[in-house]
Amino acid sequence: MEMKIGAKLTELRKAKRLTQNQLADMLGISAPAVSKWETDSSYPYITLLCPLARALDTSVDTLLQFEETLSNEEIVEKMNSLIEAAMKEGYETGESMLSGLLHEYPNSCALKFNAAIAYDAFRMFFPTAGEEQQKRWTDRKKQLLTELRASGTSAYRQQAALNLAGMAIQAGELEQGEQLLKELPEHSVDPTLTWFQLYTKQGKPEEALKLTQKRLYTLIRQAAFCLTSMMGPEITDDPEHALKICEVYKSLDLLFGLGGMYEGMFLDIYLRMGRLDDAADSFVRYVDAITGEAVLPKSELFSPGLDIKGHQPATTKEIQKMLLTGLEDESFKPLLADPRCMDAIKKLKEGI
């Protein structure tokens, strides 16, 4: 990692009203050496760090801008920054930034857990990355979660075990997945209500509001997951029943703003039912959704609890490419002769 202390050194020297020559004389070195430190062209020898800190009436930690750990807010900010960088400049940039953070704060449980989520984000946003790259992200995520399960705090150990169980099940390692699930407590306590009461009695209505909004969003996402699972062919072989569940999901999505991707679910169900005309309509609307702007959580319900940023693309180019590849599946072939679908496919290709 590259260390940058020049700006801090300049700030401390000027606060003491010292010139570079004066500081150099105090340390018995040349003025050009101080100049190089302040421009980050070179660094002080380790034997000079303590005398330099004393000369500036500070500590070595302050001089080197040492931070013991990151706050949760700082972690979220840094995660958002590296994901944005990955989206703009490619996953290599985001991955490099993430590795740098993990090396800089190797003992931060919160950072490790968020980093594991970030590797999932890379896999989601860059589905066409090579198989070797995808495996590397999965392996890195598993390594971080294994570390958290072994030495993290209680909450992070449980979260790590749950995520590792999911990975094991997905990999077909069912016995290991079951063993990991058995590590989890049978009942967990949600402290949201108690925190809400505390914040209101402390006269902190905005904190109470943010807490409630975040919890509401989590519960809505969990409800959406349950509905999605219930309409899958592995759960119900009755597409009419699945269609009714999908209508409920659509209502939930429109009410709260969950992303607006329900047309893809309708598409799958209509294909299962053989309703090709309805499937074609859903496909056209689905393409419009994924090539347009993202549907964001309703600000009147979730702001300021969630950081809602407008005018974002609904999906990445990588995900759109993946959809095009998926059209090669046998189940989509009946739609390829429909002019509406052909126009939609053309629109999808033009946007990539």
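The values are calculated or read from the model by the stated rules, or taken from the named source; none is laboratory data. The structure presented is a predicted model; accordingly, all values stated were derived computationally and were not measured. Glycine gets a Cβ as well: all are built from the backbone with ideal geometry, and neighbour counts include every protein chain shown.
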- First in the stretch 323-341 and more than 22 Å from THR128 (Cβ to Cβ), second anywhere and modelled with pLDDT of 90 or more and among the charged types (D, E, K, R), Cβ under 8 Å, 6 or more apart: ARG340/ASP281
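Quick check on my filter: what residues within the stretch 209-246 are among the hydrophobic types (A, V, I, L, M, F, W, C) and closer than 18 Å to GLU73 by Cβ?
Going residue by residue through the stretch 209-246, those that are among the hydrophobic types (A, V, I, L, M, F, W, C) are 209, 211, 216, 219-220, 223-227, 230-231, 235, 242-243, 245-246.
Listed by number, the residues that qualify are LEU209, LEU211.
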- Message: What's the total number of residues in the stretch 248-263 that are in contact with a Ser or Thr (Cβ under 7 Å, 6 or more places away or on another chain) and closer than 12 Å to ARG221 by Cα?
- Response: 1
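Results for (1) in contact (Cβ under 8 Å) with a residue 60 or more places away in the chain; (2) loosely packed, with under 15 Cβ neighbours inside 10 Å; (3) not in a helix (DSSP H, G or I), shown as yes or no for each residue.
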{"residue": "TYR286", "(1), (2), (3)": "no, no, no"}
{"residue": "ALA289", "(1), (2), (3)": "no, no, no"}
{"residue": "PRO297", "(1), (2), (3)": "yes, no, yes"}
{"residue": "GLY305", "(1), (2), (3)": "yes, no, yes"}
{"residue": "GLY310", "(1), (2), (3)": "no, yes, yes"}
{"residue": "ILE319", "(1), (2), (3)": "yes, no, no"}
- Task: Would you be able to tell me the number of residues in the stretch 148-177 that are part of a loop (DSSP other than H, G, I, E, B) and of a type in the set (S, T, N, Q)?
- Result: 1
- Note on the structure: When the stretch 78-133 is checked residue by residue, the ones that are free of Cβ contacts under 8 Å to residues at least 12 places away in the same chain and not in a helix (DSSP H, G or I) are GLY90, PRO106, GLY130
- Residue within the stretch 53-63 that is basic (Lys, Arg), in the same structural domain as ASP139 (by TED's automatic domain parsing) and in a helix (DSSP H, G or I) present: no
- State all residues of the stretch 13-24 that are farther than 18 Å from SER41 by Cβ, part of a helix (DSSP H, G or I) and within 45 Å of the chain's Cα centre (by Cα); if no residue qualifies, say none. LYS14, ALA15
- Message: Any residue that is at positive phi, not assigned by TED's automatic domain parsing to the domain that holds ARG272 and not β-branched (Val, Ile, Thr) - is there at least one of those in the stretch 168-176?
- Response: yes
- Message: Against the condition within 26 Å of THR218 (Cβ to Cβ) and surrounded by 13 or more Cβ atoms within 10 Å (Cβ to Cβ), how does ALA344 come out, does it pass?
- Response: no
